[in-house]
1. So what's the back-of-envelope 222 nm ellipticity for the chain, counting only DSSP H runs of four-plus at -39500 (n - 2.57) apiece and dividing by all residues, rounded to 500?
2. Just how many % of Cα pairs in segment 111-253 lie over 23 Å apart, if you round to the nearest whole percent?
3. After finding the eigenvalues of the alpha carbon gyration tensor for segment 131-185, what semi-axes result from the square roots of 5 times each, listed largest first in whole Å?
4. So for each of 191-199, 216-224, 11-19 I average, over its residues, the number of other beta carbons within 10 Å; can you give me the resulting order with the highest mean first?
5. Please work out the Cα center distance from segment 82-121 to segment 180-246, rounded to the nearest Å.
6. Starting from the alpha-carbon convex hull of the chain, give the projected area averaged over all orientations, in nm².
7. Angle between the Cα long axis of helix 171-183 and the longest principal axis of the chain, 0 to 90 degrees, nearest 10?
8. Of all the accessible heavy-atom surface of the chain, with the other protein chains kept in place and a 1.4 Å probe, what percent is carbon and sulfur?
Amino acid sequence: MSVVAHNLSWGVKRKTIVSDVSLTVGPGETLGLIGPNGSGKSSLLRLLAGLRRPASGRVEINEQDIAQVPRKALSRQVAFVQQSAETDTNVAVADVVRLGRTPHRSALSGWSEADETAVRGALARVDMTSRSAQAWQTLSGGERQRVHIARALAQVPQVMFLDEPTNHLDIHHQIEILRMVRDLDLTSVIALHDLNLAAMFCDRIVVLQEGSVCACGTPQAVLTRDILHDVFRVTAQIEGSADAGRPHIRYSAG
Ligand SMILES: Nc1ncnc2c1ncn2[C@@H]1O[C@H](COP(=O)(O)OP(=O)(O)O)[C@@H](O)[C@H]1O
Ligand SMILES: [Mg+2]
């Protein structure tokens, strides 16, 4: 499924937070969203996922204007992994993941074999099968993050939006999660603040600065010394890597 944004703008009072953003994500593509703190990544993701109405512009998912799609139908297609979502206490890990099945169920339908398979598969994907009975509130931050990703996977979406999904994760799980999202047969948009991880796992990258797109393209095209200097305010060397020409950034401490 494709995601296309046309001239999206959104703000609060007189402050523009997302400014005239247009972008396209092709079917199966993994798009990275990078930008300094406060550049509008989370706000843009929420607009793209239909969790917030733009002041102007529109989003099409699979060529349908999402403002016209009923919420439940939309949530069968689109999953959103929040930056640091909370979940009610006193629930088991598996119950949190089961919530991902809600859009697929009606008031009358019981818990099905398909629901069970989706939940088991999702827990396995994030390496949390052995924790399914553990209480949510006893998990570490990184484990909670993985369970939230499992909940999104259990939804079996065709499009997935993830807001800094690797925060709190150890490096093994950062790489595992991003590799998994890249390899899933779905369209994804991932806000990331680790530029090297964005370079490793994204097909294309959009750079946001003060709510506007200031660059868009392959990691190689976008992660230039000039952008790192002008947008991220760091001095860095860009090294080619053996990994299909993906750039690797080496920051200088001085
Ligand atoms: N609901 C809101 N009310 C007021 N300001 C907001 C609101 N949401 C976001 N902002 C502001 O908009 C800017 C962009 O925020 P955000 O989208 O969270 O950026 P990022 O995810 O790139 O760090 C920030 O300055 C933030 O304080
Ligand atoms: Mg954010």
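The values are calculated or read from the model by the stated rules, or taken from the named source; none is laboratory data. This is a predicted model, so every value here is computed, not measured. Positions of Cβ are generated from backbone atoms using ideal geometry, with glycine treated the same way; all protein chains shown enter the neighbour counts. Just the protein is used for accessible areas: all its heavy atoms, side chains included, with ligands, DNA and RNA removed. Shrake-Rupley method; radii C 1.70, N 1.55, O 1.52, S 1.80 Å.
1. On the way: 9 runs with 78 residues, N = 254.
For the chain, the value works out to -8500 deg cm²/dmol.
2. The share of Cα pairs beyond 23 Å in segment 111-253 comes to 43 percent.
3. On the way: eigenvalues 72, 42, 17 Å².
After scaling each eigenvalue by five and taking roots: 19, 14, 9 Å.
4. 191-199, 216-224, 11-19
5. Each part reduced to its Cα centre gives a spacing of 33 Å.
6. Numbers: hull surface 59.8 nm².
Its average projected convex-hull area is 15.0 nm².
7. Approximately 80 degrees, to the nearest 10.
8. Working: 5830 of 12390 Å².
That fraction is 47 percent.
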